[in-house]
Structure formats: structure tokens, C-alpha cells
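To start, the structure under review is shown below, and the notes come after it.
Quick note: the coordinates plus some simple rules give every number you see, no bench work behind them. The shown structure was predicted, so the numbers you read here are calculated from the model rather than taken from an experiment. Here the Cβ is made from the backbone with ideal geometry for all residues, glycine too, and neighbour counts use every protein chain on show.
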Amino acid sequence: MPSAECASARLLDLEELESDPAPLFVIRAGEITLGFEFLFCNEAFRKLHLRNSISAQDRAALLFRSWAQALSEYKPRYDFGGLVWTAEISGRNGSWKVVKARELDTNQQDSASLGKEANDNDDLSMGRIPVFTRSKAQLMSELKRERAVSLRNIPYTSLHARWESIQTMMEMSDVGVFEYNAEGKLLHANEAWYRLSSQPRDAKPDEYSFMDLVYPDDQALVMSMWNTLTQGKSVTFEMRWKARSGSKDAAQWVLSACVPVFDDDKQLIGIAGNTIDINAQKKSQEAAQAQVEALEQARLAERKFARFAQTSPTAIYIYVPESGMNFVNDQFFELTGHAHAPVNQYEWFDLISNEDVERVKQDWDGMLKCGKSSGVQFRLKKTWINQDGIRSNIWVQSSSYPELDENGKVISIMGTLFDISHFKWAESVQRRRIDEALEAKRQQENFIDMTSHELRS
């Protein structure tokens, strides 16, 4: 079917289209998901300012756009905005569609409407699916084919009983069952389908009226699925109907499986399918997706912290009471003098000078019990050489920040070590100079006392 359309499609001549006195526009056509977009509008179209009325977000405009995008040719004419529109596949690969308008002839419209109603009534009286016919020859051909259908040999009562049985089973099912004719008009559906789609049972079954029920973001998808079906291919896809009135859901998710229906001559006469409610599955997927995104955000935050910690000039560590060191940065190794190794291969207190181990343990025990620390200064086993050329232990200032669970128990401790060796050396120099000054003063006072005593003698 697509190949025949492409073979008969004519190439686009924009100059010819621009000079055409009839208003027309060009859109993309195809089975893939395409949004409705004006690719070209001729001068006559622009003068009538038809773009806004066609792009309007109302039911009439939506159904017209759906007809214009449909690949099937079962309804070659469409009445919209006081004009009769026709559509023609164009382009080298049949990927464009030229939609052209002419003024609506009221008498012709009434005649065509009466003729169509007569044909529909004939079809219904013979028990056939009503299909739009474009010529008397085509109608006669379809009537001949109908006589060859084997079901005509089955008594009417048997057919009626079978149909009643099928209808009863469909109405009892939670699976929505439906059938459309080739013009996009609903032929029949069960209660589950009406409930899922929110279409009133007494609504007029206009062509492509289902598009008015589709969630706006999925309209292009549904139109592409319809075009795929009209090309004779089955489809299964997820889509959303607009939410039912009073529902708290933003939309009704369904899984839809559709098949094209052909007559004995392999001509498409309808689209049949079923839909099932997948709202619960979608909510579960959304919850799982939210969890995955939260985990990804946590990993991203962890990676950012790791990058920050590795480049920090301050030694940073994370300690877990049950397992020991959980993380240290490069500056921690540099400051403590410990070789780069997995953090679980060394003991925290082994890095501390023996003279200060007990004091640090007391601070940590208090932090684990009370959940807070005021900080502690201590010496490491690693040494350094000060400005006086004397080797001594490195002094550090430890600041710890415990993380508590809901019961107030410490589950981890993040802390920093800041090298204060220079401050300690400066303090010692200052203390030594003060001591020296005091000693000099004491000696001076002793000398004065001695001199005064000798003078008195």
C-alpha cells in the first residue's frame, strides 16, 4: 500500500503552489511520530489567515488536523471552516502532504451528505461495517464481494446469538475492546473501553473523534500508530487518555494492541484492538525511576564531595565506629606520614604519639557517648624539623563532626586534621623568650639586691 502511494505521488513545485488561487498548505506525512507543523502555506492561505483556526486547541481543529495527517484515503474530502479540503500525498518518497481547500457548495454538501447517509443505511441493513464510498463502481464492487462472504450462509439467528454471546463476554471483561472503521469512526466498544477513554456512550462517533480523548502530549504518537495501522501493520504501544472527570490522576495510562482488519480482497475495512489499564504499573515505574534518580543524585553528590576532599589542603577523614576508617584524602596520608593503602588496613590510634593516645581516646569515647566533640590537639608519630633545626612531633588540631541516627547513636564521624606545628613552635619560642626575659629580670634583681647589700655593709 505505501509503495503505490509513493509511486503516484507528484513532486512539489513551490512556485506552482504559491500561485495556486486555492488556499493550501504542506505538512509532513508518514508512519513515524510527527507533530503537526506547517511546512509551507501559499499566498491564498495566508490572506485568509487560516493558520490560527487550524492550529486552535479545540475539538474541530484537532479532528481536522488528525484527518490531514492520516495516510489513508478513505475520506478524501473534509469540511472545516466553511471550506471543503482535499489531501494529496506528494514528494519523491511520499513524505509530504498537500492539503488544499475550496469554497463549500451548500447544495453539493447536502447532496453528498444525503448520499452518504443512504449508503450507510444500506450497509447497516445488510449487516456490514459502514465504509465511505467514493464512486458507484467501487460500491458495486464491494457489494459483489459481500455476496461471497461465507457468513451469509449462516442463519441470522445463529449469528445474532453468537454476537450476543461475544458482547456479553466483552462487557464482563476489564480489558477495553473496540473497533473503528477505516474512516476513524467508532463502530462499537465495551464498557471497559468507555471507562478508560472517558468517552460518553451517547457521544456522536465522528471521524477521528478518539483524538479529542488522547492526552495532548501523546496525540502525535497515536496519529503515527493510526497511520502505521492503515498501512497494514499491527502495533502495540503505551499511551495516555485524558484523565476522567474528578480523577486525581493527570492522565489514564493504557497499553493498546491494535490490528488492521481486511476484507477478502485485502482491502482495509477497520481497526480493532484492546486496551488495558497500566496506571498502577506506571506509578510503580515512576517511583522506581524517582528512586534511581535519587540514588544517582546521591552518587553525584558523593563524587563531588570526593573531588572536593581530594583537592582540599586540609586532611579529611570519615570514621565508622564498627569498621574503622572509611575514607581519607591524600592530604591525610601526607600529614600523618602513612603510606597510601586501603583505609581499612591501618588503625587510627597507631598514628598518634604514645604520649597523647589516652587523651584522644577519652575525647572519642565522650563523643561516641554524647554525640559531640569540642576538638582536641595532639601529636602524631610523624616528625618535622623546625626553624631551630630541632626534630619534633607534628602537632594537629582535630575537629570531629559525628553523624547520628534517629536514636541518637553515632553511625559515622567526619573530621579534619589541621597542622598546627608552626603555631606550637611559635608558642614554644615565645614561651622560651618570656622565660629568658623573666630569668634575666630575676638575675638583674638579684644583682641589684647584692650590690645594695654590699654598699650598706
*Quick one: Karplus J couplings for the range 259-271, per residue in order, coefficients 6.51, -1.76, 1.60, θ = phi - 60°, nearest Hz, x for Gly and Pro?*
9, x, 10, 10, 8, 5, 9, 6, 9, 5, 10, x, 10
_Spelling out what I want: for every residue of the range 334-347, take phi, set θ = phi - 60°, compute 6.51 cos²θ - 1.76 cosθ + 1.60 (Karplus), and round to whole Hz; glycine and proline get x._
5, 6, 7, x, 7, 5, 4, 7, x, 5, 8, 9, 8, 9
*Near the amide H of Asn329, under 5 Å away, which other amide H atoms are found, from residues 5 or more places off or on another chain, if H is placed in the peptide plane?*
Ile316
*Determine, for Phe333, Phe447, the number of other Cβ atoms within 10 Å of each Cβ, and report the residues in order from fewest to most.*
Phe447, Phe333
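Out of the trypsin sites (Lys or Arg not before Pro) in the range 8-100, which ones are loop residues according to DSSP with at most 15 other C-beta atoms within 10 Å?
Working: sites: Arg10, Arg28, Arg46, Lys47, Arg51, Arg59, Arg65, Arg77, Arg92, Lys97, Lys100; in loops: Arg92.
Those that pass, being in a loop and sparsely packed, are Arg92.
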_With unit charges on the beta carbons (Lys and Arg positive, Asp and Glu negative) and the dipole taken about the Cα centre of the range 312-430, which residue among Gly389, Asn329, Ser421 sits farthest to the positive side?_
Gly389
*So what is the orientation-averaged projected area of the range 257-303, using the convex hull of its C-alpha atoms, in nm²?*
5.4 nm²
_Globularity ratio of the range 312-430, using Cα Rg and 2.2 N^0.38 Å_ = 1.10
*Of Val175, Val360, how do they rank once you tally other Cβ atoms within 10 Å and put the fewest first?*
Val175, Val360
*asked:* A 27 angstrom limit on the alpha carbon distance is what I want to check against. Which of Lys361/Lys409; Lys204/Lys266; Lys75/Lys248; Lys382/Lys409; Lys185/Lys233; Lys75/Lys282 exceed it?
replied: Lys204/Lys266; Lys75/Lys248; Lys382/Lys409; Lys75/Lys282
*Using modelled amide H (1.01 Å from N, peptide plane; none on Pro or chain starts), what sits under 5 Å from the amide H of Met414, excluding residues fewer than 5 places away?*
Tyr319, Tyr401, Glu403
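Using +1 on the beta carbon of Lys and Arg, -1 on that of Asp and Glu, and nothing else charged, what's the dipole of the range 312-430 about the Cα centre, debye to 20?
So the dipole magnitude of the range 312-430 works out to roughly 220 debye.
Which value results when the Cα radius of gyration for the range 173-310 is divided by 2.2 N^0.38 Å?
Taking the Cα Rg and dividing by 2.2 N^0.38 Å, one obtains 1.41.
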*Sorted from fewest to most neighbouring beta carbons within 10 Å, what does the list His453, His422 look like?*
His453, His422
*Mind listing the long-range amide H neighbours of Asn42? Cut-off is under 5 Å, sequence gap 5 or more, other chains count too, H placed in the peptide plane at 1.01 Å from N.*
Leu24
